Structures are given as C-alpha cells and as structure tokens.
Amino acid sequence: MERNRAPKRKGVFITFEGVEGSGKTTQMNMLHAHLIRMKIDVVATHEPGGTKLGEEIRRILLDPAFANIHPLTEAVLYAADRAQHVYEVIKPALDAGKVVLCDRYIDSSLAYQGVARRLGLEGVQNLNEWVTDDLYPDLTFLLEIPYWVGLNRLRKGKKDLDRMEGQPEAFHEQVQEAYRTLAKFFPHRFVVLNGEEKPEKIHHQVMQEVKKILG
Ligand code: TYD
C-alpha cells in the first residue's frame, strides 16, 4: 500500500477526510481563516468539484436519481473530477509555492470506492495514482467520529440526503473502518483527530501539526 515518493513541489498540500458529518469542512474553514490571518498564501478547495467541469461531475455523482451508477463508473467519475482538479487547481497552486487545503481527496476514493464499494484498494489506488501523477498530500487530517453520530448531525441539519449520504448504514460503517486502516497504511502523513471534541480544541491540534510542516 505505502509507496515512497520524493516530493516534487514547492507548496504544501493538506487534505481533510472523514465520514459524513465529521466536521472536516468546519476544520478546513477554520484553518483557512487562520492561515489568511498569518498572511500565508493559501488556496481552499474541495472534491468532488473544485472546477467548473468538476461541479458538473459532482452533480451527477450526488444525484439520488442515479441510484444505479455502477461502482466502477462511480470510481472513474471521482477520478475524472480529481484529474481535472489536480491539473487545473492543485498543481498550479503547489508549483507557485502555495498551501493547498482540500476537503476530501484520494483517501475518499480509497475508503468509499475501494473498500465500501468493494472495488479493492489496489485498483482504486492505481487509477488515482495514474490520474494524479502520484500526487499525494503532505498531511491528511482524519476527523474521527462514529458514523452514526455524523449521520445524525446531517439529518438534523437538512431534509434531503444526497446519493452518497443516503447509502445504507453498513456502507458508512465500512467507510469509517476503511479510514482507520488508511491511517495505519500512511502513518507519515495521517493525523487522526477526535471529531467529537469542541471545534476550537480540534483547531488547536490542527494548527500544531500545520506549524510543524510549514516550519
Ligand atoms: P460532499 O457533499 O462534498 O460531502 P461531505 O460534505 O461529506 O464532504 O459529497 C461528497 C460525497 O462524495 C461524500 O459522500 C463522499 C463521496 N466521495 C467518494 O465517494 N469518493 C471520492 O473520491 C470523493 C472525493 C467523495
């Protein structure tokens, strides 16, 4: 699983991962605001989406009307979105020496498509390494919460669940387990945080790690 690569870039690439409702978007926004206050050149983006083309792919992926998308089609659509995002947004920003924050990235595909959709980690990893030219994050924050806590947060916050959120509970449980496994596979870049703590406390832990990597 772990494959060693020398970093090929000037900037720093940080991703946020977790089950639905884990609070990763809140944490990414807090970090974004903090880095702006520190006058650091930072770009905040997300997947699926993050480009004009990607927002169209996102619409298809999350539309409950496409209930019967084949798991392989789903994996390839997420990868297509990612390829466009990497070449249009992420790589140019990293090449310009910026800090890039991304809400979900390759680990979402490994957890959701590789494990929960049962496509296998190796195939999904190979596909994603191919389309991203092996671009892995320098640092990945995993916001850990029990999957049902996240689903309850979502259900309270809005009425309609999207196609992925509306998957059976067993699916979300597998995603949760998959993330734990990924954190063990990639110990050099994963930082696991307790998503049930207060947002300010989690943010403090995020900042400690980010300061280490920014030097
Ligand atoms: P989004 O609304 O961005 O969810 P969240 O707020 O939880 O980040 O929807 C993204 C959905 O797509 C989410 O259910 C996770 C899923 N997903 C994958 O299955 N594979 C992927 O590679 C990515 C990026 C997301």
In the stretch 33-64, anything of a type in the set (Gly, Ala, Ser) and without any contact (Cβ under 8 Å) to a residue 40 or more places away in the chain is listed as ALA33, GLY49, GLY54
Reported set for the stretch 16-31 where residues are out of contact with any Gly (no Cβ under 8 Å at 6 or more places or on another chain) and over 14 Å from TYR112 (Cβ atoms) is PHE16, THR25, THR26, GLN27, MET28, ASN29, MET30, LEU31
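Just the residues that are among the acidic types (Asp, Glu) and open to solvent by 80 Å² or more (accessible area, probe 1.4 Å), please, taken from the stretch 171-215. Full working, then the answer.
Let us first name the residues in the stretch 171-215 that are among the acidic types (Asp, Glu), namely 173, 177, 196-197, 200, 209.
Correct list: GLU173, GLU177, GLU196, GLU200.
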Taking the residues in the stretch 60-79 that are crowded, with 16+ Cβ neighbours inside 10 Å and among the small types (Gly, Ala, Ser) as candidates, determine which candidate is nearest to ALA116 (Cα to Cα).
ALA75
Scan the stretch 89-103 and tell me whether some residue there is within 14 Å of the ligand (Cβ to nearest atom), of a type in the set (D, E, K, R) and open to solvent by less than 10 Å² (accessible area, probe 1.4 Å).
no
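Considering the stretch 144-170 alone, what residues qualify as being within 10 Å of the ligand (Cβ to nearest atom) and either polar (S, T, N, Q) or open to solvent by less than 40 Å² (accessible area, probe 1.4 Å) (or both)? Give the derivation first.
Residues of the stretch 144-170 within 10 Å of the ligand (Cβ to nearest atom): 150, 154, 161-167.
Residues satisfying the conditions are GLY150, LEU154, ASP162, ARG163, MET164, GLU165, GLN167.
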Of all the residues that make up the stretch 20-59, how many are open to solvent by less than 60 Å² (accessible area, probe 1.4 Å) and either of a type in the set (A, V, I, L, M, F, W, C) or not in a helix (DSSP H, G or I) (or both)?
20
Just to check your reading of the model, which residue among VAL86, VAL115 is touching a helix residue (DSSP H, G or I) at 6+ places or on another chain (Cβ under 7 Å) and away from the ligand (no atom under 11 Å from the Cβ)?
VAL86
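The values are calculated or read from the model by the stated rules, or taken from the named source; none is laboratory data. Remember, predicted model here, so these are calculated numbers, not experimental data. Glycine also receives a Cβ, built like all others from the backbone with ideal geometry; neighbour counts cover every protein chain displayed. Surface accessibility is based on the protein's heavy atoms, side chains included, excluding ligands, DNA and RNA. Shrake-Rupley method; radii C 1.70, N 1.55, O 1.52, S 1.80 Å.
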